[in-house]
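Engineer: My questions all concern the structure below.
Please treat every number below as a calculation from the coordinates, not as lab data. All of these numbers come straight from a predicted model, not from anything done at the bench. Virtual Cβ from ideal backbone geometry, glycine too; neighbours counted across all protein chains shown.
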Amino acid sequence: MMAVPLVQVDHIRKRFGSIEALVDVAFSVEEGEVFGLLGPNGAGKTTTVRVLTGVLSPDAGRVTINGEEISPRTPRIRRNVGVVPQQITVYEELTAHDNLRFWGRLYGMGGATLDLRIDELLAMVGLETRAKDRVATYSGGMKRRLNLCMGLIHRPKVLVLDEPTLGIDPQARILLLDRVRGIAAEGTAVLYTTHYLEEAEAICSRIAIIDHGRVLAQGTLEELLRVVRHGAVIRLQGTFAEADGARLDALSGLRLVSRDTRTAVLEQDGDRGVPELLHSVLNTVPDVSSVMVERPTLQSVFIQLTGRELRE
Ligand SMILES: Nc1ncnc2c1ncn2[C@@H]1O[C@H](COP(=O)(O)OP(=O)(O)OP(=O)(O)O)[C@@H](O)[C@H]1O
Ligand SMILES: [Mg+2]
């Protein structure tokens, strides 16, 4: 028997007046994985998050957590999910500790258990020394880190992060990504929403590309890269004669894209691996001074699927 995924998003649809925010979104998230939802502004990421966390009801389709349908009417099931919303939701006038205490109480936590959990979370994001300072005195990145703790206070089985790294510096981003990886490694199912390609590449075991309310493709990075027809691009510099171009083009597993006297660009076209191809290339045209190999990236997949670049 196949294990039921912890989170199952089953062909959800959502319309706001004349705007079709979600047309058809389906994916699942397993325990212990970081699943990425990657798409540009307005793609439908936050709407998906709001349906998935039981804040909004879908017009069609459903979301189940551990086999049970989640909706605004199912508070018990909603407790299994922790959310780190796109808009930071902390009380500026309270300390970090009191924000977390307040949030924990909403989940029925209290006493020493709650205090221990708060200390543990603040230490995890490096805020332990600022625990008793008002959040109003925090930097943007510190607020983001606290926001992550809010989603985790009640040890949810499912953690949903909506663009958690917006506006933070590279160091805080590295810390946050690292913590998210750790949370998944402990068995939590993580849904990670982002419009940063490198983040999706770096931490997601599987990725769904979403645009205009539809999932255009999903799978592991390897699987997504197969969507792109071309293989690696090999750029050569050296001295090339007309005949060299024809010789390169005749090599099996390669296609000549362009050539002039100083450069030749080839594209992998078939199953032969890059090291083997390079070997043939260098045997065919000895006068090569430099070689650069570019692999297709998530960016190439995105362009192919949507016809445009995902800009940051
Ligand atoms: N409450 C609402 N009322 C009307 N339209 C909405 C509402 N919420 C979202 N939309 C619309 O639905 C579409 C998807 O919005 P959504 O917030 O899900 O996108 P997103 O992928 O999260 O974008 P971003 O990267 O900018 O956060 C947009 O066209 C948006 O204007
Ligand atoms: Mg959003």
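Engineer: Could you compute the net charge surrounding residue 89? Neighbours are other residues with a C-beta less than 12 Å from the C-beta of residue 89; K and R count +1, D and E count -1.
Structural biologist: Once all neighbours under 12 Å are counted, the net charge is 0.
Engineer: Any idea what the relative contact order of the stretch 134-255 is, in percent, if you count C-alpha pairs under 8 Å spaced at least 6 apart?
Structural biologist: The normalised contact order for the stretch 134-255 reaches 16 percent.
Engineer: In the neighborhood of residue 224, defined by Cβ-to-Cβ distances under 11 Å, what is the net charge if each Lys or Arg adds +1 and each Asp or Glu adds -1?
Structural biologist: Charge balance in the 11 Å sphere: -1.
Engineer: Per the Kirkwood formula on distinct C-alpha pairs, the Rh of the stretch 64-107 is how many angstrom?
Structural biologist: 12.3
Engineer: How about residue 143: which lysines have a C-alpha closer than 26 Å to its C-alpha, ignoring those fewer than 8 places off in the same chain?
Structural biologist: 45, 132, 157
Engineer: HN-Hα J couplings of the stretch 74-87 from phi, Karplus 6.51/-1.76/1.60, θ = phi - 60°, integer Hz, Gly and Pro as x?
Structural biologist: 10, x, 5, 6, 4, 5, 6, 10, x, 10, 10, x, 4, 8
Engineer: Still on this structure, I have one more. Using the Cβ atoms and a cut-off under 12 Å, what net charge is assigned to the surroundings of residue 77, where Lys and Arg are +1 and Asp and Glu are -1?
Structural biologist: So the environment of residue 77 carries a net charge of +4.
Engineer: Relative to the first principal axis of the alpha-carbon coordinates of the chain, what is the inclination of helix 170-185, with its axis defined by its Cα atoms, in degrees from 0 to 90 and to the nearest 10?
Structural biologist: Orientation of helix 170-185: about 80 degrees from the principal axis.
Engineer: Also, quick follow-up: Report the one residue of 140, 150, 227 whose Cα lies farthest in the direction of the positive end of the charge dipole of the chain (charges on C-beta: Lys and Arg +1, Asp and Glu -1; origin at the Cα centre).
Structural biologist: 150
Engineer: Please report the spacing between the Cα centers of the stretch 97-175 and the stretch 192-265 in Å, no decimals.
Structural biologist: 39
Engineer: Defining a contact as two alpha carbons under 8 Å apart and six or more residues distant in sequence, what relative contact order in percent does the stretch 7-225 show?
Structural biologist: Relative contact order comes out at 32 percent.
Engineer: Continuing with the same structure: Using only DSSP helix segments of four residues or longer, with each worth -39500 (n - 2.57), what per-residue ellipticity at 222 nm results for the chain after dividing by its residue count and rounding to 500?
Structural biologist: Theoretical 222 nm ellipticity from helices: -10000 deg cm²/dmol.
Engineer: Across the stretch 135-148, in residue order, what do the Karplus-derived ³J(HN,Hα) couplings come to in whole Hz, using 6.51 cos²θ - 1.76 cosθ + 1.60 with θ = phi - 60° and x for Gly and Pro?
Structural biologist: My calculation for the stretch 135-148 gives 4, 4, 8, 7, 7, x, x, 5, 5, 4, 5, 5, 4, 4 Hz in order.
Engineer: Of all beta bridges DSSP finds with both residues in the stretch 155-235, what is the antiparallel percent, to the nearest 5?
Structural biologist: Within the stretch 155-235, antiparallel bridges account for around 50 percent of the total.
Engineer: Placing +1 on the Cβ of each Lys and Arg and -1 on the Cβ of each Asp and Glu in the stretch 7-225, which of 88, 109, 67 has its Cα farthest towards the positive end of the resulting dipole?
Structural biologist: The residue sitting farthest along the positive end of the dipole is 109.
Engineer: So, one more: Kindly work out what percent of the DSSP beta bridges joining two residues of the chain are antiparallel, to the nearest 5.
Structural biologist: The answer is about 65 percent antiparallel.
Engineer: Helix 111-124 versus the longest principal axis of the chain: what is the Cα-based angle in degrees, 0 to 90, to the nearest 10?
Structural biologist: Helix 111-124 sits roughly 20 degrees off the main axis of the chain.
Engineer: Tell me, what does the Kirkwood hydrodynamic radius of the chain come to in angstroms if you use every pair of distinct C-alpha atoms?
Structural biologist: 21.9
Engineer: Can I ask one more? Would you work out which of 290, 189, 279 lies farthest towards the positive end of the dipole of the chain, given +1 charges on the beta-carbon of Lys and Arg and -1 on that of Asp and Glu, about the Cα centre?
Structural biologist: Most positive-ward Cα: 189.
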